Amino acid sequence: MSKKVTVGVLGATGAVGQKFIKLLENHPWFELTEVAASDRSAGKRYQEAAVWRQYSPIPEPIKNKTVKPCEPGLDCRLVFSGLDSSVAGEIEENFARAGYIVLSNSKNHRMDADVPLLVPDINPDHLGLIKTQRERRRWTGAIVTNPNCSTSGMVLPMAALHRTLGIRRMIVTTMQALTGAGYPGHPAVDMLGNVIPFIGGEEEKLEAEPRKILGTLRDGTVQFADFKISAHTNRVFVEDGHMACISIELGKKAPPTEVARILADYTSLPQEMKLPTAPERPILVTEERDRPQPKFDRDAGGGMSAVVGRIRECPVFDIRFLVLSHNTVRGAAGGAILNAELMERFNY
Ligand SMILES: NC(=O)c1ccc[n+]([C@@H]2O[C@H](COP(=O)([O-])OP(=O)(O)OC[C@H]3O[C@@H](n4cnc5c(N)ncnc54)[C@H](OP(=O)(O)O)[C@@H]3O)[C@@H](O)[C@H]2O)c1
C-alpha cells in the first residue's frame, strides 16, 4: 500500500479508544489523523483530555492533537468507534450517512439485519450485507461491528467446532476482567475479595451474537445458526482478559484429542491474506493443566489469539474447555482494526 489510509477514533479518550491509539501507532496501512470524544473533552489537547491507562506513553503525534467533537467533518476516510453505547447509535449513523466507513465496538447496531457482525477469521462473506445496508439506508458509508468482548474470543473455537462437528447446545460461564467495564469502572471496594455475578445485557449478547456470526448469508440476509446457548456472566478482580468455561453438546461426538487437533489447526482468510493484525494462529491450544490464565496468556498472538485449555470430556454434554481472550484487543480495538484491514483488502 503506497499511501496510508487516514483514520479517526471516536471515543478516543476511553478504555477502548486508548487501545485503538496504541494499536494504530506504526500501523503499516493506517494513519491516525483525528481523535474525537464528548463535549467534556472536545477542544482540549489529547493528553489533557484522557486519563491515559496504557503501559506505553501516549504516541508523540497524538499527545498534542486537539480532541474534536464526534461530528462528521473529521479529516479521515474511516472511523473506529469506541463510543459509549448511550450515544454510539446515532453518532455512528451520522458518520455512515456522511460517507465514512464506521468500525463500531458498540452494541447498538450489532444485531441490525443489514449490519455485518464481523469476525474476519469466521465470516468475511458477511461483508456482503453492506450492499443491502447502503441500498436500504441510502448512504454511501457503512457500519460494520465487531462482537461483544467475551463473544469475540469464545466464538473462535465455536466456529472451528461448529464447522466440523456441529454444535447443538452449549453452556458458558464467564469471568470477565475489570477493563471490560471501561474506566474507571467498578470501585475497588466493590471488587476486592469479590465477584459480581451480573453484567447488564451481557448474557443476552453471548446467547445471540454467536448465532449471527456463525449464521449463513443468503439473499442479502443472515440466517442464524440454530444452536442454543445458556450464558452466565461474572465480573472478577482481573485487569485484562476474559475467561469462559464452556460445555458443548456436539452434532458428532469426538474425543478431546480430536477436538484439540481441530482447534489447533484452525486458520482462515486473515492468515492467508497476511492481514497485519491477524495472529498466526487464531486459536492456541495449551496442554498445561492449569492454563490459560489471564495474567500469563492474554497477550498471546499480540492479544488476538484465543487460548484454549483443559479440553476434556463432559459428563453432561460432550466436551468442555476454557477459552481466554484479551477483551480490549481481540474483544475490541484489535478486532475492529482487523475488520478494517479486511475491508481495505476488499476495497470497501
Ligand atoms: N472495555 C471493553 O473491554 C470493551 C470491549 C468491547 C466493546 N466495548 C464497548 O466499547 C464502547 C466503549 O467502551 P469503553 O470501555 O472504552 O468506555 P469508556 O472508557 O467509558 O469510554 C467511553 C468513550 O465515549 C465517549 N463519550 C461518552 N459520551 C459521549 C458523548 N455524549 N459524545 C461523544 N463521546 C462520548 C467518552 O468521551 P469523554 O472521555 O470525553 O467522556 C469516551 O471517550 C462501549 O460501547 C463498550 O460497550 C468495550
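For this structure, a couple of remarks:
- Counting the residues of the range 154-213 that are of a type in the set (Phe, Trp, Tyr) and in contact with a Leu (Cβ under 7 Å, 6 or more places away or on another chain) gives 0.
- Criterion applied to Val67, Val119 was being within 9 Å of the ligand (Cβ to nearest atom), out of contact with any Cys (no Cβ under 7 Å at 6 or more places or on another chain) and among the aliphatic types (A, V, I, L, M), and the one residue passing it is Val67.
- Of all residues in the range 116-148, those being out of contact with any Asp or Glu (no Cβ under 9 Å at 6 or more places or on another chain), within 24 Å of Ser230 (Cα to Cα) and among the hydrophobic types (A, V, I, L, M, F, W, C) number 3.
- Residue check for Ser38: among the hydroxyl-bearing types (Ser, Thr, Tyr), within 16 Å of the ligand (Cβ to nearest atom) and without any contact (Cβ under 8 Å) to a residue 60 or more places away in the chain: yes
- Selection within the range 43-53 - small (Gly, Ala, Ser) and either near the ligand (Cβ under 7 Å from one of its atoms) or under 26 Å from the mean Cα position of the chain (by Cα) (or both): Ala49, Ala50
- Tally, over the range 24-43, of residues that are over 14 Å from Val5 (Cβ atoms) and open to solvent by 70 Å² or more (accessible area, probe 1.4 Å): 4
- Meets criteria (over 12 Å from Pro69 (Cβ atoms) and open to solvent by less than 70 Å² (accessible area, probe 1.4 Å)) for Ala15: yes
- Contacts under 8 angstrom Cβ, first residue in the range 195-218 being within 17 Å of Asp112 (Cα to Cα), partner open to solvent by 30 Å² or more (accessible area, probe 1.4 Å) and assigned to a helix (DSSP H, G or I), 6 or more apart: Leu214/His162; Leu217/Asp125; Leu217/Gly128
- The test for being within 14 Å of the ligand (Cβ to nearest atom), open to solvent by 50 Å² or more (accessible area, probe 1.4 Å) and under 20 Å from the mean Cα position of the chain (by Cα) does not hold for Asn94.
- Checklist (1) under 27 Å from Arg281 (Cα atoms); (2) open to solvent by less than 10 Å² (accessible area, probe 1.4 Å); (3) without any contact (Cβ under 8 Å) to a residue 40 or more places away in the chain applied to Gln133, failing item: (1)
- Contacts under 7 angstrom Cβ, first residue in the range 1-23 being more than 15 Å from Tyr46 (Cα to Cα) and of a type in the set (D, E, K, R), partner more than 6 Å from the ligand (Cβ to nearest atom) and at pLDDT 95 or above, 6 or more apart: Lys4/Trp29; Lys4/Phe30; Lys4/Glu31
- Residue count for the range 266-313, restricted to those that are part of a loop (DSSP other than H, G, I, E, B), in contact with a strand residue (DSSP E or B) (Cβ under 8 Å, 6 or more places away or on another chain) and open to solvent by less than 20 Å² (accessible area, probe 1.4 Å): 3
- Selected residue (criterion: nearest to Pro147 (Cα to Cα)) from residues of the range 97-125 that are open to solvent by 10 Å² or more (accessible area, probe 1.4 Å) and acidic (Asp, Glu): Asp112
- Yes/no for Thr132 being among the polar types (S, T, N, Q), more than 16 Å from the ligand (Cβ to nearest atom) and modelled with pLDDT of 95 or more: yes
The values are calculated or read from the model by the stated rules, or taken from the named source; none is laboratory data. Here the structure is a predicted model, which means the values were calculated and not measured. Because the Cβ atoms are built from the backbone with ideal geometry, glycine has one as well, and the counts that use them run over all protein chains shown. Each accessible area value is taken on the protein alone, full model and side chains, heavy atoms only, with ligands, DNA and RNA left out. Shrake-Rupley method; radii C 1.70, N 1.55, O 1.52, S 1.80 Å.
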